[in-house]
Amino acid sequence: MSAVLEAVDRTLKVRELEVGGAAGPLAARLYAAGPAAKRDMLVVYFHGGGFDSGDLDECDDFLRSLAECDHLPLVLATTYTLATVSPFPAAVEDAHAVLQWAKKNKTKLGWNGKQMVTAGIEAGANLAAVCALMSRDRGGPALAGQILVMPMLDPALSTGSMRQMTYCADREKAATVCAAAYRGYLPHAADRSHPYAAPLHSSRLKNLAPALILSAEDDPLRDEAEQYGAKLINAGICTTVRRMAAPDLQDPNGRNECACKVQAMLEISSFLARLEGRGGA
C-alpha cells in the first residue's frame, strides 16, 4: 500500500454502534474521516440487497470513499429489518426511525445537527427516497438532500429498461432478481401502489429535499431512476440525474463496485458541495 493511501487510512475512523429502529435496536456503523470535530453534514446510508439480503460489509468500500470525499461528511450506515423477517412497511419505518434517532443523538455522533442527507443504493435508495417523503409528511427530521444510486423505485417493473433485460441473456438474471425481491418485500398486492413502496408512482412529490440520482447503462433499474428524476424536476425539486458506465451485474456486488467508480464519487462530492452552499436544512 502506498504512503498516501496509508495516510488516508489513518485519518478514517470507523465505529460500530447501535441505532434506534422502529421496533428495536439496529446494527450501524459510523464513518468519520479527518480531524475530530463536530460536522455540519451527516449522511444516513441504507445498504442494498433487494430488501431481503445485504449488510454493511458489502458496501464498506463505497462508504469509506464517501466519508473521505472532499467535504468529509459523517456517514452513518445502518441496517434495517429485512423482508425475510418482516415485509413492508418494516424497512421504511426503521429507516425513518433511524433519522429521528440520529437527530436526537447528534452529540453522540459528533454532528452539529445542521444538515442531514439520506443516501442508498438499489433497495437502500428506495428507502432513502421514501425517507424524504416520510420526513415531509411527518414533519421531520428536515433533510438537506437525498442521494439515490441505481434505485429500486417501481414494484410494477414497468419501465423499458426493465422489460428489455428479459431479452438479454446475460442481464435477464438481474431483472428476475428484482421481481423476486419485490414479491418478498410486498407480498400484498395493494402495497405495490403505496407511495412509501413505489416512489416512482407517487403523485405527491412537491416540497422534497434536493436530489442526486445516479443511474447506470445496461442496468434494468436505469429508466425508473431517470423517470423519477424527471418527475422530481417537474415537481419543482432541484434534481441532478446522471447516467454512469455499466456495472457488472453478474457480480452480487456489481452495483456497489460501480458506485465506487470515480464518476460516482465526483458527482456525489459536487452535490454535497452545492448542499453546503445552501447552509442548514
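For the reader, a short list of remarks on this structure follows.
- For residue 26, the criteria (1) assigned to a strand (DSSP E or B); (2) open to solvent by 40 Å² or more (accessible area, probe 1.4 Å) hold in every case but one, which is (2).
- Pick from the range 204-223, criterion at pLDDT below 95 and assigned to a loop (DSSP other than H, G, I, E, B), ranking: surrounded by the most Cβ atoms within 10 Å (Cβ to Cβ): 220
- Annotation note: of 39, 64, 29, the sole residue that is more than 20 Å from residue 104 (Cβ to Cβ) and not aromatic (Phe, Trp, Tyr) is 64.
- Residues in the range 40-58 that are touching a Gly at 6+ places or on another chain (Cβ under 7 Å) and crowded, with 23+ Cβ neighbours inside 10 Å: 45, 46, 47, 48, 51, 54.
- Counted residues, the range 117-141 - those being among the aliphatic types (A, V, I, L, M) and under 8 Å from the mean Cα position of the chain (by Cα): 7
- Answer from 181, 123 - the residue that is hydrophobic (A, V, I, L, M, F, W, C), at pLDDT 90 or above, open to solvent by less than 30 Å² (accessible area, probe 1.4 Å) and closer than 30 Å to residue 39 by Cα: 123
- Candidates 100, 115 - the one that is part of a strand (DSSP E or B) and polar (S, T, N, Q): 115
- Only one of the numbered conditions (1) modelled with pLDDT of 95 or more; (2) open to solvent by 20 Å² or more (accessible area, probe 1.4 Å); (3) assigned to a loop (DSSP other than H, G, I, E, B) is not met by residue 226, and that is (3).
- Residues of the range 68-96 satisfying the condition of being of a type in the set (A, V, I, L, M), within 29 Å of residue 265 (Cβ to Cβ) and modelled with pLDDT of 95 or more: 74, 75, 76, 77, 82, 91, 92, 95
- Within the range 93-104, tally of residues that are under 24 Å from residue 82 (Cα atoms) and open to solvent by 20 Å² or more (accessible area, probe 1.4 Å): 4
- The number of residues in the range 232-243 being more than 17 Å from residue 162 (Cβ to Cβ) and open to solvent by 30 Å² or more (accessible area, probe 1.4 Å) comes to 6.
- When 84, 78, 118 are checked against the criterion of being among the hydroxyl-bearing types (Ser, Thr, Tyr), crowded, with 22+ Cβ neighbours inside 10 Å, in contact (Cβ under 8 Å) with a residue 12 or more places away in the chain and farther than 20 Å from residue 199 by Cα, a single residue qualifies: 78.
- Taking the criterion of being assigned to a loop (DSSP other than H, G, I, E, B) and within 21 Å of residue 121 (Cα to Cα), the residues of the range 186-203 that qualify are 186, 194, 195, 196, 197, 198, 202.
The values are calculated or read from the model by the stated rules, or taken from the named source; none is laboratory data. Note that the structure is a prediction, hence the values are computed from the model and not measured. All Cβ positions, even for glycine, are placed from backbone atoms using ideal geometry, and neighbour counts span all protein chains on display. Note: areas computed on protein heavy atoms with side chains; ligands, DNA, RNA excluded. Shrake-Rupley method; radii C 1.70, N 1.55, O 1.52, S 1.80 Å.
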